[in-house]
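Student: I have a structure here, written as structure tokens, and I will follow up with some questions on it.
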Amino acid sequence: MKILVTVKRVPDPETTIRVKPDGSGIVTDNIKYVINPFDEIAIEEALRIKEKQGQGEVVLVSIGAKVASEQLRTGLAMGADRAILVLCDQELDSLGVARILAKIVEKEAPDLVLMGKQAIDDDANQAGQMLAALLNWPQATFASKVEFMDNYVQVVREVDGGLETVRFPLPGIITTDLRLNEPRYASLPGIMKARKKEIREIAVAELGIDTTPLLTVHKMDPPAKKAAGKKVESVQELVHLLHTEAKVI
Amino acid sequence: MGNILVFAEHQKGKFPKTTLVALQAGKEAAQKFGGSCLAAVLGAEIDGLAQEAAKYGVAKVLAVSNPALAHYLADSYAAVLSQLVTAYDISLLLATSTAVGKDLLPRVAARLGVAMASDVVAINTDGTFKRPMYAGNVIATVSLTGPIKVISVRGTAFDAAQPDGQAPIERVRVELKETKMEFVEFNETKSDRPTLTEARIVVSGGRGLKSGENFTTYLEPLVDALGAAMGASRAAVDAGFVPNDLQVGQTGKVVAPELYFAIGISGAIQHLAGMKDSKVIVAINKDPEAPIFNVADYGLVADLFKAVPELTEEIKKLKGE
Ligand SMILES: Cc1cc2nc3c(=O)[nH]c(=O)nc-3n(C[C@H](O)[C@H](O)[C@H](O)COP(=O)(O)OP(=O)(O)OC[C@H]3O[C@@H](n4cnc5c(N)ncnc54)[C@H](O)[C@@H]3O)c2cc1C
Ligand SMILES: Nc1ncnc2c1ncn2[C@@H]1O[C@H](COP(=O)(O)O)[C@@H](O)[C@H]1O
């Protein structure tokens, strides 16, 4: 099975994000970048599928600036076979991302596209569903278990109030949730091997599609600050204050 | 400006609070921008639900009844909604960012060739929207270009619509191509407690609880004494202490109850993203430096295994009076 996995370069979730004073964006000095955590889970799942089936190909694709090759290299070191970097310096919305990915899918013809459910920078949670729409493929978002049956894939999804199971024949799109797996670390031999693996670069202009964003971010503000609370000394004091001061119990 | 369409999601034959929130946001948008606010109810046998939706002050209910819509499936529901958007001169489509809302709306937007704003917390009169990014570290002001705008709204950012009036119901027939997707089963998390996103009080536990048994012995009595819903941090869910759908945070549920207890939770930004708009926040943690205390209105530095049983007793005493 040929699996395409999307990889976005995002700030490390451990870093503190600050808004620039003029509201034009976030302060990027000293930020460490990583593979979007949900995409790391997608890579892991693709590798497990390939290992279980004993054959197949895992192709990574990232859209962004040249530096995104760092994250692709990490994914290759985890065990992916090759990578594609769509060079694009312009800001994109999830529709733009989905349009680019649709072109790549057309060229690569994978059986399955594995993506993260959400990029932890824009928190959009859209690209996978949009790609599914553009390709008119079935989708299973928020996957916590993926199983292959005779001629379809069965996916357990994390939804409100429980777990839902859906299935469909391939090709299709699956987006990952946190509990799908625990991603491996790249091994030393993996890192060595990754150096020789291919990262093919494609300029976004070559794809001949319109990626002008329809979603424009005009301004960024820090969230409203909360007034400092108080420390209480005992459970009795806590209950007393919740009852008489906050009046919530 | 054309009309506004609210996707009225139903669960187990009812409209959850999140749907009433979407209806309210739709009505507010209609007041700001003009146009009528319509509600779409999709499903197999939905006459009762359509009647119910008609009570919430919308201009009209579009009822799409079809056996093929018995279970929510992204491809067929997206096909129906995009047809409604085109047929009813819709310029704003909205739903709440529930699991279904998140799954469905981007698919509809892409079918229509337009972008979407997720998790909107404010609809501004100038046509811009406010939405959080970077786990709530940033509140962005955004706009959408094009004749049709698609947004999901945050369930905590708008009030629930109140019943007022009785709108006409229009039964709509749609073209439904065969879906490629098949619903297999739904494994419900059974609970007699209030729903996490609807409860007035939420009690969440974290890794500090140390085990699922401790959730049962220590946390649940407190949850029940308060008549609260139970929530959890990602660490507690990942460790298998409690079911997945109790996760509160950036990538879980967003809640804003009147009273939120964070017990044995450190307060990572990803957790705060899901609860910091709660009216009153109580933190119990043995580490005085835990970041959860920065957002807590009342902080108690204590061992939870001692403090929580005491707290449960005090609450019971108070309620008994
Ligand atoms: C992509 C991504 C998405 C994420 N999404 C979410 C999300 O949606 N929701 C979420 O919650 N997290 C999320 N996280 C995880 C988040 O970063 C934290 O790891 C997580 O919230 C920590 O959970 P915790 O506070 O329970 O555990 P810990 O950080 O381990 O904290 C446990 C706390 O318990 C206290 N404690 C221990 N024993 C006791 C005791 N006996 N009495 C009192 N206190 C005690 C400790 O002092 C400590 O503060 C996400 C992370 C990533 C990378
Ligand atoms: N620039 C990008 N390059 C590669 N994949 C992306 C990019 N942007 C988004 N994606 C994929 O789409 C998923 C959802 O992104 P989003 O809609 O931005 O939340 C992410 O988890 C990625 O897998």
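Student: Regarding the protein assembly as shown, what's the average projected area of the Cα-atom convex hull, expressed in nm²?
Tutor: It is 26.2 nm².
Student: Here's another thing I want to ask about it. Mind giving me the FRET efficiency for A:K2 and B:T86? R0 is 45 Å, r the Cβ-Cβ distance, nearest 0.05 is fine.
Tutor: Approximately 0.80, to the nearest 0.05.
Student: Let me ask you something else. Indicate the gyration tensor shape class of chain A (rounded, prolate or oblate), computed on the Cα atoms with a ≥ b ≥ c the square roots of the eigenvalues: a/c under 1.5 is rounded; otherwise a/b larger than b/c is prolate and the rest oblate. Intermediate results must be reported in sequence, preceding the final value.
Tutor: Values: a/c = 1.87, a/b = 1.49, b/c = 1.26.
Verdict is prolate for chain A.
Student: Tell me, what HN-Hα J-couplings in whole Hz come from the Karplus equation 6.51 cos²θ - 1.76 cosθ + 1.60 at θ = phi - 60° for each residue of the stretch A:196-213, using x for Gly and Pro?
Tutor: Rounded to whole hertz, the list is 9, 6, 7, 10, 8, 9, 10, 6, 4, 4, 4, 7, x, 10, 8, 10, 4, x.
Student: Rounded to the nearest percent, how much of the accessible area of the stretch A:2-222 (1.4 Å probe, protein heavy atoms only) is carbon and sulfur?
Tutor: The nonpolar share, carbon plus sulfur, comes to 49 percent.
Student: I'd like the antiparallel share, as a percent to the nearest 5, of DSSP beta bridges with both residues in the protein assembly as shown.
Tutor: Beta bridges within the protein assembly as shown, antiparallel portion: roughly 30 percent.
Student: For a quick check, take a GNM of chain A with Cα springs below 10 Å and name the residue from A:K193, A:K103, A:K225 with the largest mean-square fluctuation.
Tutor: Comparing A:K193, A:K103, A:K225 in the GNM, the peak value goes to A:K225.
Student: So, taking all protein chains as they sit and a 1.4 Å probe, how much accessible area belongs to B:D297, in Å² rounded to tens?
Tutor: Result for B:D297: roughly 40 Å² accessible.
Student: So which residue, out of B:A161, B:A122, B:A283, gets the largest mean-square fluctuation from a GNM of chain B using Cα contacts under 10 Å as springs?
Tutor: B:A122
Student: Let me confirm one metric for peptide A:116-127, namely the mean number of other chain beta-carbon atoms within 10 Å of its residues' beta-carbons.
Tutor: Working: counts 1, 3, 4, 1, 6, 4, 6, 13, 10, 11, 12, 2.
Partner-chain Cβ atoms within 10 Å, mean over residues of A:116-127: 6.
Student: Could you work out the relative contact order of the stretch A:2-222? I mean the mean sequence separation of Cα pairs under 8 Å and 6+ apart, divided by the number of residues, in percent.
Tutor: Relative contact order of the stretch A:2-222: 27 percent.
Student: Which value, in Å² rounded to 10, gives the accessible area of B:D238 with a 1.4 Å probe and all protein chains present?
Tutor: Surface accessible to solvent at B:D238 totals approximately 70 Å².
Student: Can I ask one more? State, as an integer percentage, the relative contact order of chain B based on alpha-carbon contacts under 8 Å between residues 6 or more apart.
Tutor: Normalised by residue count, the contact order of chain B is 14 percent.
Student: Still on this model: Among the listed pairs A:K230/B:K276; A:K2/A:K197; B:K102/B:K149; A:K230/B:K286; A:K66/A:K219, which are separated by more than 20 Å between their Cα atoms? Intermediate results must be reported in sequence, preceding the final value.
Tutor: Working: A:K230/B:K276 16 Å; A:K2/A:K197 17 Å; B:K102/B:K149 15 Å; A:K230/B:K286 16 Å; A:K66/A:K219 26 Å.
Violating the 20 Å Cα-Cα cut-off are A:K66/A:K219.
Student: Moving to a separate point now. What fraction of the DSSP beta bridges in chain A is antiparallel, stated in percent and rounded to the nearest 5?
Tutor: Numbers: 16 of 43 bridges.
Beta bridges within chain A, antiparallel portion: roughly 35 percent.
Student: Angle between the Cα long axis of helix A:69-78 and the longest principal axis of chain A, 0 to 90 degrees, nearest 10?
Tutor: 80 degrees
Student: Here is a further query. Mind listing which trypsin sites (Lys or Arg not before Pro) in the stretch A:113-189 are in a DSSP loop and have 16 or fewer other Cβ atoms within 10 Å?
Tutor: A:R184
Student: Could I ask something else about it? Can you list residues whose amide H is under 5 Å from A:K2's amide H, if they're 5+ apart or on another chain and H is modeled 1.01 Å from N?
Tutor: When sequence neighbours closer than 5 places are left aside, the close amide H contacts are A:E57, A:D111, A:L112.
Student: Using alpha carbons only, what's the Rg to Rh ratio of the stretch B:196-309 with Rh from Kirkwood?
Tutor: 0.91
Student: Restricting attention to the stretch B:106-179, which GluC sites (Glu not before Pro) occupy a DSSP loop and are surrounded by at most 15 other Cβ atoms within 10 Å?
Tutor: Answer in residue order: B:E175, B:E178.
Student: Taking amide H positions as placed in the peptide plane 1.01 Å from N, state which residues far from A:K219 in sequence (5 or more) or on other chains have amide H under 5 Å from it.
Tutor: B:T141
Student: Can you sort B:S233, B:S191 by 1.4 Å-probe accessible area, starting with the largest? Intermediate results must be reported in sequence, preceding the final value.
Tutor: On the way: B:S233 15, B:S191 70 Å².
From most accessible down to least: B:S191, B:S233.
Student: Provide A:M192, A:M149, A:M220 ordered by accessible surface of protein heavy atoms (probe 1.4 Å), highest first.
Tutor: From most accessible down to least: A:M192, A:M149, A:M220.
Student: Please compute the average number of Cβ atoms from other chains found within 10 Å of each residue's Cβ in peptide B:175-182.
Tutor: 4
Student: Given a 1.4 Å probe and the protein chains all in place, what does the accessible area of B:K210 round to, in Å² to the nearest 10?
Tutor: Here the accessible area works out near 130 Å².
Student: Continuing with this model, one more query. In a Gaussian network model over chain B where Cα atoms closer than 10 Å are linked, find which of B:K180, B:K190, B:K253 has the largest mean-square fluctuation.
Tutor: B:K190
Student: Calculate how steeply helix B:99-112 sits against the longest principal axis of the alpha-carbon atoms of chain B, using the helix alpha-carbon long axis, and give the answer as 0 to 90 degrees to the nearest 10.
Tutor: Computed tilt is about 30 degrees.
Student: Which angle from 0 to 90°, rounded to the nearest 10, does the C-alpha axis of helix A:235-244 make with the longest principal axis of chain A?
Tutor: The helix A:235-244 is inclined about 80 degrees to chain A.
Student: Still on this structure, I have one more. Summed for both chains, how many Å² of accessible area, to the nearest 100, are buried between B and A with a 1.4 Å probe?
Tutor: Protein heavy atoms only, the B-A interface buries about 6600 Å².
The values are calculated or read from the model by the stated rules, or taken from the named source; none is laboratory data. Owing to the predicted nature of the structure, the values given are computational and were not obtained by experimental measurement. Heads up, the Cβs are rebuilt from the backbone with ideal geometry, glycines too, and the neighbour counts pull from every protein chain shown. Areas reflect the complete protein model, heavy atoms only, side chains present, ligands, DNA and RNA absent. Shrake-Rupley method; radii C 1.70, N 1.55, O 1.52, S 1.80 Å.
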